[in-house]
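Peer 1: Have a look at the structure that comes next, please.
The values are calculated or read from the model by the stated rules, or taken from the named source; none is laboratory data. Being a predicted model, the structure only gives us computed values, none of them experimental. All Cβ positions, even for glycine, are placed from backbone atoms using ideal geometry, and neighbour counts span all protein chains on display. Only protein heavy atoms, including side chains, enter the accessible area calculation; ligands, DNA and RNA are left aside. Shrake-Rupley method; radii C 1.70, N 1.55, O 1.52, S 1.80 Å.
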Amino acid sequence: MRADLHAHTTYSDGSPLPEMCRAAEAAGLDAVGFTDHCIVVDDDFGRRERYRLVETYERRREAIERFRPRTDLTVYDAAEVSYVADAEAETAEFLAAAGFDYTIGSVHFAGEYDYTTAAGYADASEAERRAAVERYYDAVVAAVESGLFDVLGHLDLPERMAALRGHARREDYERVAAALSDSSTVPEINAGRVHDSLGRVHPDPAMLDCFRDRGVRFVLGTDSHSPAEVERRVPALREVVDEHGVPLAEFEPAAVVR
């Protein structure tokens, strides 16, 4: 593992950029991509009010450019963008103007469903929980097919919540794998909950054969918000790659002047 392509700074819900870079260096990485949360349009769950990279990405870019001469790392100026089905045109316009080195597309909410909190699912029936998960995978496939993103983020996010865990079916993973096989979008192996509630990476390693069978390759992201998470998750990702023989993509973001 030479690059962590998914990390957060104080420009969303992470830690100071210099501290994150020092942790990446200590973990033996050659490159790190800062992918702060970016929501282009207002949403029903108030997430855009919390994550305002649309307004602050130029300031963050200046901070990255100032820091690059101080590190041997390649530092990517990227973004984790929430996919919203009815805002594809606005998202495309913003991304073209912003000119990030690359973008991660993630589904955090879809329709009436918010996949970042378990609050709405505690009293839901099994059928309602399955409907929420099925809607999630509909949105993931649409995000891939939109062609907006370079990387697909944590592609089985509902597994993070106990109430929704286990409601995904093999056919859901197969649908995502089929969409990725016809796309230039590359999925990530995401370590965001490997030491927490989930105890494994995204996607479920038991489903990796769905992707292998279609020739899909992966990039690696710790999804870290603190230096300590970088230091713990990089070794975990390396272990998963070795243990499961994860096929890795030759992913080269846009050229970076350092």
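Peer 1: Output the residues belonging to region 119-156 that are β-branched (Val, Ile, Thr) and in contact with a helix residue (DSSP H, G or I) (Cβ under 9 Å, 6 or more places away or on another chain).
Peer 2: Listed by number, the residues that qualify are 133, 140, 141, 144.
Peer 1: Regarding residue 54, is this residue open to solvent by 30 Å² or more (accessible area, probe 1.4 Å), out of contact with any Asp or Glu (no Cβ under 6 Å at 6 or more places or on another chain) and either over 22 Å from residue 148 (Cβ atoms) or in a helix (DSSP H, G or I) (or both)?
Peer 2: Judged against the criteria, residue 54 is a match.
Peer 1: Next question. Taking residue 227, is it buried (at least 16 other Cβ atoms within 10 Å of the Cβ), in contact with a Phe, Trp or Tyr (Cβ under 7 Å, 6 or more places away or on another chain) and either modelled with pLDDT under 95 or not hydrophobic (A, V, I, L, M, F, W, C) (or both)?
Peer 2: Here the answer is no, as residue 227 does not meet what is asked.
Peer 1: Looking at this structure, is residue 40 within 27 Å of residue 132 (Cβ to Cβ), part of a loop (DSSP other than H, G, I, E, B) and within 19 Å of the chain's Cα centre (by Cα)?
Peer 2: Against the criterion (within 27 Å of residue 132 (Cβ to Cβ), part of a loop (DSSP other than H, G, I, E, B) and within 19 Å of the chain's Cα centre (by Cα)), residue 40 qualifies.
Peer 1: Got at least one residue in region 162-174 being open to solvent by 20 Å² or more (accessible area, probe 1.4 Å), under 20 Å from the mean Cα position of the chain (by Cα) and among the basic types (Lys, Arg)?
Peer 2: For region 162-174, residues open to solvent by 20 Å² or more (accessible area, probe 1.4 Å), under 20 Å from the mean Cα position of the chain (by Cα) and among the basic types (Lys, Arg): present.
Peer 1: Does residue 241 meet the test of being buried (at least 18 other Cβ atoms within 10 Å of the Cβ) and not hydroxyl-bearing (Ser, Thr, Tyr)? Write out each step before concluding.
Peer 2: Working: buried (at least 18 other Cβ atoms within 10 Å of the Cβ): no; not hydroxyl-bearing (Ser, Thr, Tyr): yes.
No.
Peer 1: Identify all residues within region 146-163 that are among the hydrophobic types (A, V, I, L, M, F, W, C) and not in a loop (DSSP other than H, G, I, E, B); write none if there are none.
Peer 2: Those that are among the hydrophobic types (A, V, I, L, M, F, W, C) and not in a loop (DSSP other than H, G, I, E, B): 151, 152, 157.
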